[in-house]
Each structure stands twice: as C-alpha cells, then as structure tokens.
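Data block below; observations after.
The values are calculated or read from the model by the stated rules, or taken from the named source; none is laboratory data. A quick note: this is a predicted structure, and the numbers were derived from the prediction, not measured. No Cβ is skipped: glycine too gets one built from the backbone with ideal geometry, and neighbour counts run over all protein chains shown. Side chains included, ligands, DNA and RNA excluded: accessible areas come from the protein's heavy atoms. Shrake-Rupley method; radii C 1.70, N 1.55, O 1.52, S 1.80 Å.
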Amino acid sequence: MGFYCGVLDFELLEDTYQPEQDKRWVVVRPKGGQGASMVLARASKPEQEPFVGNQTGGRVFLFLNTDDFARDHQRLKAAGVEFVREPQTHDYGTVAVFRDIYGNLWDLLQLTAGHPAAS
C-alpha cells in the first residue's frame, strides 16, 4: 500500500481486516479518480505466487493517466520509480512505461487533447 499511496499518490478507499479469511481488503485509486479502483491482494496460495507482478506475461496492462506528463514523470523518477521505457510522443499522446514494486508494467499517459478517451 505504501508504494501506491505514498509514491503514486493514490488515495486509500478501504483497508479492512477480514478475520474469517485472515486477510486484508485494501482498495486504492488515483486521487481525484472517479472510475476504476484496485484491490491490493497478496497471494493466498503457493500456486498464485509465481504470477505476482506477471499477471499479463510482461505486457503493460495498467494505465495511469495524467494531465501533466512532465510533472508526474519527474515526480515519479525523483521518488525512485523504475521507468523501463523512456517518454515517447505519439498521435494519441505522451507515454512512458514504469514498473511497480511487484513487477507490473504501467503506462504513464497523457492523452492528446481531442483524443476520444481524454477527459
């Protein structure tokens, strides 16, 4: 939770201990976000452990949208976030790929104004 709330600056929506399953239910989302949120869960069985951080076989599957790419890219780099692909500009916007503490790959993305997914 520290990486997501401290480094990525997500907000903590819920952190509830579930004694019947001896686990925590931890839900976070980007500050100001009104859509998707994420449940942070530990592997609960040995067969789940090899997939932590590799749920998609090394592909990016999480997108962190920003309204100021340069600001957020610099802030994350200063916080020690590992970028595995440096910023690139495309027709759809500016993007760089970073790795979270578990190995999941994320796009830091600022969409071009007028892009259908831009708010």
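Charges at C-beta only: +1 for Lys and Arg, -1 for Asp and Glu. How large is the resulting dipole of the stretch 64-111 about its Cα centre, in Debye rounded to 20?
Here the size comes out at about 160 debye.
Once the dipole of the stretch 11-119 is set up with Lys and Arg at +1 and Asp and Glu at -1 on Cβ about the Cα centre, which of 35, 114, 65 lies farthest towards its positive end?
Selected residue: 65.
What is the distance in Å between the Cα centroid of the stretch 21-44 and that of the stretch 57-92?
Between the Cα centre of the stretch 21-44 and that of the stretch 57-92, the gap is 21 Å.
Using a 1.4 Å probe over the heavy atoms of the protein chains, calculate the carbon and sulfur portion of the accessible area of the stretch 1-117 as a whole percent.
C and S atoms contribute 50 percent here.
Over the stretch 52-103, with the other protein chains present, what is the accessible area per residue in square angstrom, probe 1.4 angstrom?
63
Charges at C-beta only: +1 for Lys and Arg, -1 for Asp and Glu. How large is the resulting dipole of the chain about its Cα centre, in Debye rounded to 20?
Dipole size: approximately 120 debye.
Dividing the convex hull volume of the Cα atoms of the chain by its residue count, what figure in Å³ per residue is obtained?
Residue-normalised Cα hull volume stands at 119 Å³.
Starting from the 7 Å offset along Cα-to-Cβ, what nm value, one decimal, do you get for the label separation of residue 115 and residue 49?
Each label point is offset 7 Å from its Cα along the Cβ direction, giving 3.9 nm.
Which lysines, if any, have their Cα less than 28 Å from the Cα of residue 23, not counting same-chain residues under 8 positions apart?
Counting by Cα, and skipping residues close in sequence, residue 23 has these lysines nearby: 31, 45.
Whats the longest run of the chain with zero trypsin sites (Lys or Arg not before Pro) that are DSSP loop and have at most 14 other Cβ atoms within 10 Å?
60-119
Relative to the longest principal axis of the chain, what angle (0 to 90°, nearest 10) does the C-alpha long axis of helix 69-78 take?
So the helix axis and the longest Cα principal axis differ by about 50 degrees.
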